[in-house]
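Structure record follows, encoded as structure tokens.
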Amino acid sequence: MSIDWKKSAIVLIDIAIAVYLVLAITAFNRPDELYNVCSEVKIDIQEGAVKGFLNPDEIKAQLQHAHLYPLGDPMEQVNSRKIEEKLLQNPFVESAQCYKTQSGRVHITLSQRLPVIRVKADNGDDYYVDTYGNIMPNTQYVSDLVIATGQISRPYAQKVLSRVGNFLIRNKLWFCQAEQINVLDDGTIEMIPRVGEHIVYLGQPTGLSRKFSRLEKFYKYGLPKAGWNKYSYISVEFDNQIICKKRNRKL
């Protein structure tokens, strides 16, 4: 029986080409995982209307503590999903996305929960409320947010004070002017400003746009003439009127 060397050679060549193509395609699709290690980790934290608590060093430390920081690791061992799941355990992280590139880089993009008001209630509670009305734990970081004090339950903070905080953040003037919101026993609120030795009584925390609009006009046209320290108490509770209480002067 004679062997057809020509046909055998063609078959061997076809097999070799097929093996080469499989290896080439694999190497093309996963060059980073076959040959590269992670050479760079880029952490991008999206900011909102107010500055959050997170920074890239914090995220790096969290991943290092969990032995998930990928710098220097083979790309095939970098688990993007595990990195995302770990970051989402951080109470200040709202969403996390991690992906790898063929050039050996790992990109991490985060959006963070943004606080809008800090609560220091009479019952000892100390926490933040975010833009969606969720409770955020206290943190070692200093925030320039408005502080809410007084008779504050957590449901009240989530449903009511979150709206007040969001309103103040959207209005640059009042975000800068309001230093403290005090909640009274009946659920009404008063504002302690940064400028001026007076208290602004807002009443029920509704119709804030109208109330602060009247207060802004009074600040522009009334107080400059009367004097910023003439009144100790300014009420904008009722529509179309502002009630002021003069400061007691000692002789």
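The values are calculated or read from the model by the stated rules, or taken from the named source; none is laboratory data. For clarity, every value in this text was computed on a predicted model and none was experimentally measured. Neighbour counts run over all protein chains shown; Cβ positions are idealised from the backbone, glycine included. The area values use the complete protein model at the heavy-atom level, side chains included, leaving out ligands, DNA and RNA. Shrake-Rupley method; radii C 1.70, N 1.55, O 1.52, S 1.80 Å.
Descriptive notes on the structure:
- Among the residues of region 61-105, those identified as under 18 Å from Gln46 (Cα atoms), of a type in the set (S, T, N, Q) and not in a loop (DSSP other than H, G, I, E, B) are Gln62, Ser95, Gln97.
- Single unsatisfied condition, Ile181 versus (1) in contact with a strand residue (DSSP E or B) (Cβ under 7 Å, 6 or more places away or on another chain); (2) more than 15 Å from Asp144 (Cβ to Cβ): (2)
- The single residue among Ser162, Ser111, Ser143 that is surrounded by 14 or more Cβ atoms within 10 Å (Cβ to Cβ), among the hydroxyl-bearing types (Ser, Thr, Tyr) and part of a helix (DSSP H, G or I) turns out to be Ser162.
- Residue check, Ile83 more than 21 Å from Glu179 (Cα to Cα), at pLDDT 90 or above and either under 12 Å from the mean Cα position of the chain (by Cα) or buried (at least 17 other Cβ atoms within 10 Å of the Cβ) (or both): yes
- Of everything listed in (1) open to solvent by less than 80 Å² (accessible area, probe 1.4 Å); (2) under 27 Å from Gln151 (Cβ atoms), the single unmet condition for Asn229 is (2).
- Residue that is nearest to Trp228 (Cα to Cα) [pool: residues in region 165-191 that are surrounded by fewer than 18 Cβ atoms within 10 Å (Cβ to Cβ) and of a type in the set (A, V, I, L, M)]: Leu173
- Among the residues of region 41-80, those identified as touching a Phe, Trp or Tyr at 6+ places or on another chain (Cβ under 7 Å) and surrounded by fewer than 17 Cβ atoms within 10 Å (Cβ to Cβ) are Lys60, Ser80.
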